[in-house]
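Scroll down for the structure; my scribbles are underneath it.
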Amino acid sequence: MLTIWKDLLDLIFPRRPECPFCGAASPRGEPCGGCLATMGSYHGERPCTRCGRLAEKGAALRHNGAGHLCYDCRKRDWPFTLARAGGPYEGVLKEAIHRFKYAGRRSLAIHLAALMVDAYRLEPRYQTASLIVPVPLSREKLRLRGFNQAELLAVEVGRALGMPVNGSCLVKDFDTPPQAGLNRVARESNLKGAFSVKRPDVIRDQVVVIIDDVFTTGSTMSAAAAALRRAGARQALGLTAATGRYI
Ligand SMILES: [Zn+2]
Ligand SMILES: [Zn+2]
């Protein structure tokens, strides 16, 4: 309901065109030069081959046969083949995601999705992907927020890549306590059994791209990927607007 009001207010009192990332005045509402340069620089950073997190300055990426792996990925396996992101969860990108998610600025989806598409195109292992699935919200959370931010991103990414999107085959069966502030062990036990697949026929033998807004510890991506794999998906590949950094 709240978002409908916001849309209506936007219609009556149009905002001055602004950069979707930093909010500076920008003709036609395109990303400003400064933000474009910042976003472009993220694609020059080398992500962890597996989880896609970016290195903090000075962090050691160790190279082995599988590529450059972060500390976590050297120690554990994941149910997803890889994950990538549009950039680090910091600065203007973090602020944009907050406005998108918590202030209901749904028009940001297309700009965040453009960063995700850039990251997708940089990684050849997405080439076999056949279906896009957003990380679902619980019914309770969806009712409160009015929209699923992951689904809006998925629709835009799907449109840009010409790939089908299915927002109903994976569901979150119960609401889990907020993940922020919890460590990985707590996050993972929080999410145990939270996701299930309603339409296994849709995802069977598919290489699924799972879309979410942020990858932090990887717990949500991991739980969603595990549910899809259990239901018969051949592979799960994560793609988010932003990701964490590791030390
Ligand atoms: Zn800007
Ligand atoms: Zn990693």
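Note on residue 142 and residue 8: the extension gain reaches 46.2 nm, defined as 0.36 nm multiplied by sequence separation minus the Cα-Cα distance.
Maximal additional length on extending the residue 75-residue 123 stretch stands at 15.0 nm, based on 0.36 nm per residue less the C-alpha distance. Counting lysine pairs in the chain that sit 8 or more residues apart in sequence, or on different chains, and whose Cα atoms lie under 30 Å apart gives 22. For the pair residue 159 and residue 45 in one chain, pulling the backbone fully straight at 0.36 nm per residue adds 38.4 nm over the alpha carbon distance. Computed on the chain, with alpha-carbon pairs under 8 angstrom and 6+ residues apart, the relative contact order is 23 percent. Note on residue 103 and residue 246: the model spin-label points, each 7 Å out from Cα along the C-beta direction, lie 3.3 nm apart. Peptide packing for 24-31, 220-227 was compared via the average number of neighbouring C-beta atoms within 10 Å per residue; ordered from the highest value, the list is 220-227, 24-31. Between the listed residues 40, 73, 170, the Cα displaced farthest toward the positive end of the dipole of the chain, a dipole computed from Cβ unit charges relative to the Cα centre, is found at 73.
Taking the Kirkwood radius as Rh and the Cα radius of gyration as Rg, the chain has a ratio of Rg/Rh equal to 0.96.
Model label sites at residue 18 and residue 204, defined 7 Å from Cα along the beta-carbon direction, differ in position by 5.0 nm.
Across region 120-193, Cα-Cα pairs more than 21 Å apart make up 41 percent of the total. For the chain, the dipole from Cβ point charges (+1 on Lys and Arg, -1 on Asp and Glu) about the Cα centre works out to 440 debye, to the nearest 20.
Secondary structure note: in the chain, about 25% of the DSSP beta bridges are antiparallel.
Every number in this text was worked out from the coordinates using simple rules, so none of it is lab data. Please read all numbers here as calculations on a predicted model, not as lab measurements. Heads up, the Cβs are rebuilt from the backbone with ideal geometry, glycines too, and the neighbour counts pull from every protein chain shown.
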